[in-house]
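Contents: one structure, followed by commentary.
Computed from the coordinates by the stated procedures, all read-outs in this text should not be read as laboratory data. Computed from a prediction, not measured in an experiment: that's the story for all the values here. Positions of Cβ are backbone-derived with ideal geometry, glycine not excepted, and every protein chain shown enters the neighbour counts.
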Amino acid sequence: MSGIRFPSPIYGQLTATLLDAHGVESCAIAYAHYVPGADAWIVADASPVPDNAYDRRDRISAVLKAEYLLEVANRSRVTGMAVIFIHTHPDCSTHPTFSATDDDGEAQLAPYLVRRGAPVPHVALVIGANGCRARRLGSNDEIKVWEVGQRLALHSPGTDGAELQREDRQVRAFGEPGQRRLKSLRYGVIGAGARVRWPASSSPTSARWTSPSSTRTTLRSPTSTDWWVRAPAMSARPRSMSRPG
């Protein structure tokens with residue numbers, strides 16, 4: 001299971017505290033152990049940013065002081081843990097989305113953590129009244145957010161049931177990072193409509209080509225120096241072809 005894993009009840013308590021801020025944006029910092037094979041962030045600690053660590057703060061933005069960010073980066077480097085930068089969109093009633101202001105802030109935070117933090121992927125998380133959304137810091141690569149307790153709860157936008165069932169085997173074989181990579185590729189299938197069948201002899205001297213309509217045509221011997229495929233409505237002689245030994 002990839003994504004951020006908050007142990008219960010940390011996520012619920014943190015969300016309630018951050019959203020109870022009289023309509024202004026609030027921030028928190030979480031530290032997580034990153035597991036590369038699972039592409040997972042296991043949250044070890046999370047706490048709201050203290051009031052004296054804000055440089056400025058209003059309904060649509062919150063800026064943290066440089067000295068506080070230095071403390072965060074140092075702790076990340078010493079412990080080897082990933083930093084999860086958390087903030088709220090208090091006016092959002094659905095799953096929040098990252099704003100242009102968020103993009104600009106992360107464009108500065110991401111290289112700063114590369115220089116001063118642990119060499120692991122760091123994360124941005126935005127929380128609204130009815131859900132959250134997360135991504136790798138400074139990118140558009142979204143990450144699922146889970147709360148793990150007596151039951152497993154997904155707080156970020158999830159994949160619909162039909163897609164989960166369709167991709168189940170690929171996810172089990174390659175993991176969710178591998179499946180995301182497969183979905184980003186474009187590919188085609190060539191030659192799915194015909195097949196060549198060799199006789200069950202140890203030294204084949206002929207073959208049969210089977211078309212989709214079950215019409216069969218005997219080929220020239222593969223030991224011949226002049227061998228090509230002849231099929232109904234098709235005669236294609238390759239420029240070069242290696243012969244079976």
Q. What is the spin-label model distance, in nm, from T79 to D103 if the labels are put 7 Å beyond Cα along the C-beta direction?
A. 3.2
Q) Across segment 12-79, how large is the tail of the calculated P(r) beyond 18 Å, expressed as a percent of all Cα pairs? A) 47
Q) What is the fewest-to-most order of M81, M1 by other Cβ atoms lying within 10 Å of their Cβ? A) M1, M81
(Q) Give me Rg/Rg_expected for segment 26-134, where Rg uses Cα atoms only and Rg_expected = 2.2 N^0.38 Å with N residues. (A) 1.04
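Length gain on complete extension for the stretch A129 to V114, per 0.36 nm per residue less the alpha carbon to alpha carbon distance?
Length difference between fully extended and current span is 2.3 nm.
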Q: Treating only the Cβ atoms of Lys and Arg (+1) and Asp and Glu (-1) as charged, compute the dipole magnitude of segment 1-131 about its Cα centre; round to the nearest 20 debye.
A: 380
Q) How much length, in nm to one decimal, is gained on full extension between A21 and L154, taken as 0.36 nm per residue of separation minus their Cα-Cα distance? A) 45.5 nm
